[in-house]
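Heads up: the structure comes next, in structure tokens.
The values are calculated or read from the model by the stated rules, or taken from the named source; none is laboratory data. Everything numeric in this text was worked out from a predicted model, so none of it was measured. Here the Cβ positions follow ideal geometry from the backbone for every residue, glycine too, while neighbour counts run over all protein chains shown. Areas reflect the complete protein model, heavy atoms only, side chains present, ligands, DNA and RNA absent. Shrake-Rupley method; radii C 1.70, N 1.55, O 1.52, S 1.80 Å.
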Amino acid sequence: MNNLSQCVDSGRASPGAARGAAGVRRRGARQSGASGRASAMSACAPRACCRPRAPATLLDITAKIVAAAIPFQRIEERYERIPEPVQRRVVYWSFPRDERDICMYSSLARAPPDDHRNIAFCRGLKLLEAGCVESVLQVGFHLSGVVRAPAAVPPCSEPERLYRVTVSFDRCKITGVTCSCEARDIFWCQHVVALALYRIRNADSVRLRVPISETLLQMDRQQLQKFVQYLIAEHHTEVLPTAQRLADEVLQARSAINRICGAPDPTAGPPPDAHHAWHLDEQQVCEQVRAYLLQGTYYNANKQLNSLFSKVREMLRAQDSNGPRMLMLMTEQFLSDPRLLLWRNQNTPMTEKCRQLWEQLGALWVSIVLDPGSNKHHRIQWRHLLEKWSAVEVCPTEDPDYRSFPLYARERERNERDRDRDHRDRDRERHRDREERDRERIREREERDRERHRERQRREMHSHSESSDEEPRPNNYEREYRRASKRLRLHNQRPAPSLTPRTVFHKALDAVDISWENEHLKNILGSDEYADCEKGKPGGSNTKQPYPKFNDLGQPLWHEHLPVVGARIEALRAHGRAPAALRLAVSAARAMRHRQEVAQQRWQEVGAGEASSSGGATPACPGPDACAGTCGERVKLSQVCAHMDPGACLPGGPTCALSHSHRCIGRDSLCWTGWTLEAIWCVYECLADACLAPDDQRASPRLHTYLDEEPNTGLPPRYQHVPVAGSKNPEETYLALALEAALLGLGLQRMLPSGLYAQERYCKQEERLIAQLQRVEGEAAAAVGARVATALLGGGPSSCLGARVHPRSAPAHTFARFLFLALLPAEAELAYRVGLRAMRLPMVEEAYALDSAGGTGAAGGGAGAWHTLQHAEQQQAALASALLGAARGNPGRLRAALAAAQRHVRSAAQLFRLAQDALRHAAPPDAPHHHRDLLHAAFELGLQVLRMTLSSVNWRRREMVRWLVTCATELGLDALLSIMQNWYELFTPTEATGPVAAAAMSHATALRLGLSFEQQEKLSACARTLALQCAAKDPPGCALSALSVCEGSAGAFEAACAAVGGAAARGALASSQLFAVARYMEQRGQPARAMRLATLAMRNLHLHYNQDSHPAIADIHWAVALAHSLGRAELQAMLPLLVKNVQCAPVLSDVLRRCCVAAAGCSRARPPPPRPPTPLRPLLEAALRAYASTTHARLAHISPRHYADFVDFLGKARDTFALAHDGPHQFAALLQEIKLKYKGKKKLMFLVKERFG
């Protein structure tokens, strides 16, 4: 303000100053007259564009500062007279000077590349460049102008239009906009953009006037009257009613206007206590967000909401107060989403897209409440808001897997609980009253007894003692009752355990308590040169402290729970404090490295050598002589359990380490202020962004936390090594530190989260971070990976690649596969150490061990469901495939990889996939030679797969069997012989006699292997032996296959026939199987054996009266034809079986007709049907009885729609009855019986009479 005083004094002495004293204008208090007239209005400060090289004047320098920071009314209150040139320069510099601010409020944060021309900022810029802005006038803090919209292209008949735009501004912020286009949107229209850009680019050419109140002070009464009359005449239709109302109020002496000194001036800026922020249409924000939410999960709605979240981040980076304000409006609309109530009542989870939007909302609030520049008042306000939102019934929970009762069920349960409590209270009162009455009655009775029998009581002491014993009983009872009532009251008054789940806003509520007042933290954020000079001197102790403030080089470290560090970094970057965030990320990465070194040192101090990978408990140490290293193993196991224990924390530590749980900070949250891998991503991204090449298109600040929000430019980022500022290690760069922090964070052993969503989120975060690491290339990246891999292998309980892992630790196969492939070109041995160590899957191995032991150990109980087990097994198989594929040409590594896969892969499907990959690597289609070692490994894996699935159901079992036969064929004759000789360990009898034996005896196999005649005979003999063994073990499934395999050798065929015959005699084969074998024997030219098998099949076959479509009917006709062809004796032996076991009338009649036709010599010239000979009389009688019984059975449950079928059935019966001598009389008697018994079925009887008379 001192500089402003000098400017005011210089303005008074300047020749362009006003003559006389101009009236002093104050908000709310103005003098009624003017003391003089100012000089010419054209006197103003010189333009900067006229003298581009001349330095700015003191007036301009001071006016810039004052215009950006101090309200104009405060200046008026400080100085009684402000010269007009000073006012002009303050008003001149009060308009925004940066076009990026205009762009922020007129466009989305991230528009697609093909949509840049459609955003308001680009269209406004196009209008400006086309010269469509006219009549621009700035009066004080009010800017107005006319924007001419050019006519449309000839196909469109839209004419040219003029839009009037007004803009209000104060302290370099536009506080209000209006436009006659009446566009309804969150962002400013293109006409406002064009006017604002015109004022920024052509500031000196805009007509500038001081506030209108200053001009009015220079007018006398006549000029003021003329001014008012002309103004009313110019706009009489709009302002005449208002002017008359104001005139009436002015003429009234006691009106509100006359009681206030002065008058408002819209061109003089807002008052100092008014809200000072950029113009944001709150109503439009609410309407747009509500409309997007009502659109559901459509792509455009999600894209628009993501753009609004990005706009909030952009405002936060610009430190604009509208960022929290806009997010608050969006939160209110999100909580008003009607789908929340629907999901809550139906007890169903929200969609994944909606869940991602809510998580973005919660993460943004974490960044807002963690603003280092916020004060205590702001944090209290945010806490109240967040608590109010969290108390909303439909507010989404932090855990998406949480399921609660619907609202109506919860209300009903609450009402029932209140009703039960009321009933209990009433019962307790009634019980208390009844007990009191009983005590009074007992007391009165005892008193009467004592008065009446006082003399007797003296003589009878026993009675007196009894009465004295009975006296304190009510008191004792009353005392006990009071105690019970007190306990009951205390129990009712004790607050019930809180069952309210954490909402999406609880992370922000936790973040409210995070402070930035730590001096060490302030020094880290404030300077790159902050260090401890004493630490860097040599001669220090080799023992590392767990949580020091500085490392051995004197560089600062920041030890804090990693999600809290990530939240701090994200908040700093979100609020435009990128240098401070980078310094904190460097300190956090160095702290991660230090903790890993401390964990490795402690692990090595326990005992030399690696511990076994099993996690069983060890007994107590018997003594130093009998220990033999058991104590060291027990200590290591205790360290692993302590590391993974959710409640463990190092005693006496100043803060919580990365390897410890959140519970020492936020005891009630499983993911306090964020997810661990999200924090690692924040640290990595902050450090990696400092290494982006200057010409990289992705070099802009990226504050993306969600998968679907990162822009996909199609170009990978290009990094360069930038030395860390203030580092004492010249080789330490931001990129190396980012890689090291990411690898250490991914290699940390952590507990697998509970719930489906949490586990899927963990997997996606890990894959996303690894995909980002895969874009970094170079020798330095390989060196960092080798150093981190070595540290992780010896890192103890804090490392997922350590010697021991907890059964509930998250799998590390995805990370290990990335590390293996990255280290393989330069550090093959180290890469294989990493890959082999990471092959284990302790939870699955422990579960298999418990299943094999037949127990349900306590370790498996309470461990929670593993919803991503299939994903973990897939990643484990992918790691094993990479190990096997890279081990070609190295038998030692191949054997180690094969042993690890056979030991740790417990999924048959994944093991089969691994075997297929190994075969594909061993025998490529275009390779002239095969890798025998890898082929043998694939064969061993295939054998294990078949052993695992032999006794279990697997839908890919047939494919597995065929693949193993193919693999054995690729391997050679010995492999084929081995699987056939040991078939009972690998195949079922049906599989062995089917695809296995058929493939072994095929001509294609002999050609493929180039077998000699002796080798072919050896292979065939082995297949026949296999077939005989299978036929003896499983005759129903292997009889026909065994006969087919053994038909090449007479001896083997006879043995197979004997085995099949014996099984048939024992009843081991069903009738259908016996018929199939009998048909095969007939085809082989052995009708006698076929007849014996057919006879056995007929004995086991039973056909009821309603089975006229049974599949065995064709076999019956074939068996009768076979018996008839062999002779009368065989036919006579077959007929009793047929009459006994077949009760189906149509089948019997068909067999009878065929036999009659055959006996008559197929003479079709005679019109009447042939009479059956004497041997067929039993068959005829059985057919007639079957027709009669079937007729009555069908009539018992017949419906009208079956009448036609029944009449046709009677027609067939008449034809069969005609074969007997008295058949027509029997059929007539059957019809008469039907007519009498079922005469109520008139329609049916009418059809019968019409057909048969």
Next item on the list: Pop out the ³J(HN,Hα) list for the stretch 685-694 in order, Karplus 6.51 cos²θ - 1.76 cosθ + 1.60 with θ = phi - 60°, rounded to Hz; leave Gly and Pro as x.
Entry: 5, 4, 6, 6, 5, 6, 10, 5, 5, x
Item checked: Radius 14 Å from Cβ of residue 1083, net charge of other residues (Lys, Arg +1; Asp, Glu -1) -> +1
Next item on the list: Any chance you could run the full-extension gain for residue 60 through residue 232? It's 0.36 nm times the residue separation minus the Cα-Cα distance, nm to one decimal.
Entry: 58.1 nm
Checklist line | Full-extension gain in nm, residue 1007 to residue 1109, via 0.36 nm per residue minus C-alpha separation | finding: 32.0 nm
Checklist line | Charge dipole (debye, nearest 20) of the stretch 157-315; +1 at Cβ of Lys and Arg, -1 at Cβ of Asp and Glu | finding: 260 debye
Notebook entry, point to check: So what J values fall out for the stretch 179-189 if you push phi through Karplus, 6.51 cos²θ - 1.76 cosθ + 1.60 with θ = phi - 60°, rounded to Hz, Gly and Pro as x?
Noted result: 8, 6, 6, 6, 6, 10, 7, 5, 9, 5, 7
Note to self: What number comes out for accessible area per residue over the stretch 883-1009 if the probe is 1.4 Å? Units Å², please.
What the structure shows: 46 Å²
Margin query: Accessible area of the stretch 256-405 with a 1.4 Å probe: how many percent of it is carbon plus sulfur?
Written below: 56 percent
Notebook entry, point to check: Hey, what do the phi angles of the stretch 915-922 turn into as Karplus ³J(HN,Hα) couplings, whole Hz, using 6.51/-1.76/1.60 and θ = phi - 60°, x for Gly and Pro?
Noted result: 5, 5, 4, 5, 5, 5, 6, 7
Check: Near the amide H of residue 550, under 5 Å away, which other amide H atoms are found, from residues 5 or more places off or on another chain, if H is placed in the peptide plane?
Finding: 557
Check: Rounded to the nearest 0.05, what FRET efficiency do residue 974 and residue 1124 have when you use their Cβ-Cβ distance and R0 = 41 Å?
Finding: 0.20
Next item on the list: Mind listing the long-range amide H neighbours of residue 1103? Cut-off is under 5 Å, sequence gap 5 or more, other chains count too, H placed in the peptide plane at 1.01 Å from N.
Entry: 1142, 1143
Check: Using mean Cβ contacts within 10 Å as the protection proxy, how do 567-576, 377-386 order, highest first?
Finding: 567-576, 377-386
Note to self: Tell me the carbon and sulfur percent of the accessible area for the stretch 1027-1167, rounded to whole percent, probe radius 1.4 Å.
What the structure shows: 53 percent
Margin query: In whole percent, and with a 1.4 Å probe on the protein chains, what portion of the accessible area of the stretch 128-217 is carbon and sulfur?
Written below: 50 percent
Next item on the list: Using label points projected 7 Å from each Cα along Cα→Cβ, tell me how many nm separate residue 439 and residue 760, to one decimal.
Entry: 6.3 nm
Item checked: residue 282 accessible area, 1.4 Å probe, all protein chains in place, Å² to nearest 10 -> 80 Å²
Notebook entry, point to check: Using the Cα gyration tensor of the stretch 924-1044, with a ≥ b ≥ c the square roots of its eigenvalues, what is the shape: rounded (a/c below 1.5), prolate (a/b larger than b/c) or oblate (neither)?
Noted result: oblate
Notebook entry, point to check: Accessible area per residue, 1.4 Å probe, Å², for the stretch 341-407: what's the number?
Noted result: 46 Å²
Margin query: Using amide H atoms built in the peptide plane, which far-off residues or other-chain residues are under 5 Å from residue 176 H to H?
Written below: 168, 279
Notebook entry, point to check: Can you give the accessible area of residue 1034, probe radius 1.4 Å, in Å² rounded to 10?
Noted result: 40 Å²
Item checked: Average accessible surface area per residue within the stretch 1029-1113, 1.4 Å rolling probe, Å² -> 46 Å²
Notebook entry, point to check: Can you give the extra length, in nm with one decimal, that the chain gains between residue 721 and residue 1054 once fully stretched, where that is 0.36 nm per residue apart less the Cα-Cα distance?
Noted result: 111.7 nm
Notebook entry, point to check: At residue 1252 and residue 529, where each label point lies 7 Å from the Cα along Cα→Cβ, what is the point-to-point distance in nanometres?
Noted result: 12.1 nm
Note to self: Net charge within 15 Å of residue 1097 by Cβ-Cβ distance, Lys/Arg positive one each and Asp/Glu negative one each, not counting residue 1097 itself?
What the structure shows: +3
Notebook entry, point to check: At a Förster distance of 41 Å, what's the computed FRET efficiency of residue 1201 paired with residue 955, Cβ-Cβ distance as r, to 0.05?
Noted result: 0.45
Margin query: What figure, in Å² to the nearest 10, do you get for the accessible area of residue 261 with a 1.4 Å probe and non-protein molecules left out?
Written below: 90 Å²
